[in-house]
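Comments concern the structure below.
Bear in mind that the values in this text are calculations on the coordinates, not laboratory data. Just so you know, these numbers come straight off a predicted model, no measurement behind them. Backbone-built Cβ (ideal geometry, glycine too); neighbour counts: all protein chains shown.
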Amino acid sequence: MPQTVFVVDDDESMRDAIADVLEMAGRTVRKFANAAEFVELAMTGPAGCVVLDVRMPNLDGLKLQRQLVDADVVLPIIFVTGYADIPMSVTAMKAGAADFLTKPFREQDLLDAVTQALESERATRAERQELVRLHSAYAELTDRERHILLQAAAGRLNKVIAGDLGLSEITVKVARAQLMRKVGANSIAELGRFAERLKLS
């Protein structure tokens, strides 16, 4: 999914300057004059990151950050501010901000922060998509296959599982092969990782 850098700053000259630096570096940029303009788009879960001014009228940067966190929106935030406010930066970082830059900042610092934020967003999005795939695969399993999955992932042999379920060993072997195909596991180790990722027990 293409990534966009969203620049949210009520200072038009600063907004344009940041956008120019990013566009010169080949980034796709969208600009917003205030957080209220941006928040509706943000809630749709776009790919990218945000360069966000802390101090803005009405909905400020920290309040917007809280809204995005509460809505579980995966969108790293790079805060920029003209005020060297240490408590504010600590609050922002604790809430998951990707970085905090004090104006005036070096162009390279901005570019580095954006690169890191986009890499983080890409990795987080991929991880979430993989978890969706794993949950979908698990939902396709029958109750018997789920039981065999847990037992096999725990390292129990087919004959032990068969005895537990009152089945023949060959039936368990076939069922295990089928469930491994469904979840995309090529080995018992991968089956174990599948169960671990979904926190099955």
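Pair-distance distribution P(r) for the range 60-127, from all Cα-Cα distances in 10 Å bins starting at 0: 20, 51, 27, 2 percent.
If the chain between ARG30 and LYS173 were fully stretched, how many nm would it gain, using 0.36 nm times the residue separation less the Cα-Cα distance?
Gain on extension, ARG30 to LYS173, equals 46.0 nm.
The base-10 log of I(q)/I(0) for the chain, evaluated at q = 0.14, 0.15 Å⁻¹, reads -0.77, -0.83 [Debye formula, identical scatterers on Cα atoms, solvent excluded]. The GluC sites (Glu not before Pro) of the range 74-164 meeting both criteria, a DSSP state outside H, G, I, E and B (loop) and at most 11 other C-beta atoms within 10 angstrom of the site's C-beta, are GLU140.
Would you please give the FRET efficiency between LYS182 and GLU37, computed as 1/(1 + (r/R0)^6) with r the Cβ-Cβ distance and R0 = 45 Å, to the nearest 0.05? Each step should come with its number before you reach the end.
On the way: r = 45 Å, r/R0 = 1.00.
So the FRET efficiency works out to roughly 0.50.
Between SER136 and SER120, the simple spin-label model (points 7 angstrom out along Cα→Cβ) gives 2.8 nm. May I ask you to list the lysines whose Cα is less than 27 Å away from that of LYS199, ignoring any residue fewer than eight positions away on the same chain? Straight-line reach from LYS199, under 27 Å: LYS94, LYS159, LYS173, LYS182.
Taking a ≥ b ≥ c as the square roots of the Cα gyration tensor eigenvalues, the range 143-188 comes out prolate, since a/c reaches at least 1.5 and a/b is larger than b/c.
By its C-alpha gyration tensor, with a ≥ b ≥ c as the square roots of the eigenvalues, how is the range 106-201 shaped: rounded for a/c under 1.5, else prolate for a/b larger than b/c, else oblate? Numbers along the way, then the final one.
Numbers: a/c = 4.38, a/b = 3.60, b/c = 1.22.
Cα axes put the range 106-201 in the prolate bin.
When you restrict to C-alpha pairs under 8 Å that are six or more residues apart and normalise by the size of the range 140-197, the relative contact order lands at 40 percent. Here the residues ASP20, ASP11, ASP143, ASP53, ranked from fewest to most Cβ neighbours within 10 Å of their Cβ, fall in the order ASP143, ASP20, ASP11, ASP53. Sorting LYS159, LYS173, LYS94 by the number of Cβ atoms found within 10 Å of their own Cβ, with the fewest placed first, yields LYS94, LYS159, LYS173. Taking the number of Cβ atoms within 10 Å of each Cβ as an exposure proxy, the fewest-first ranking of THR142, THR102 is THR142, THR102.
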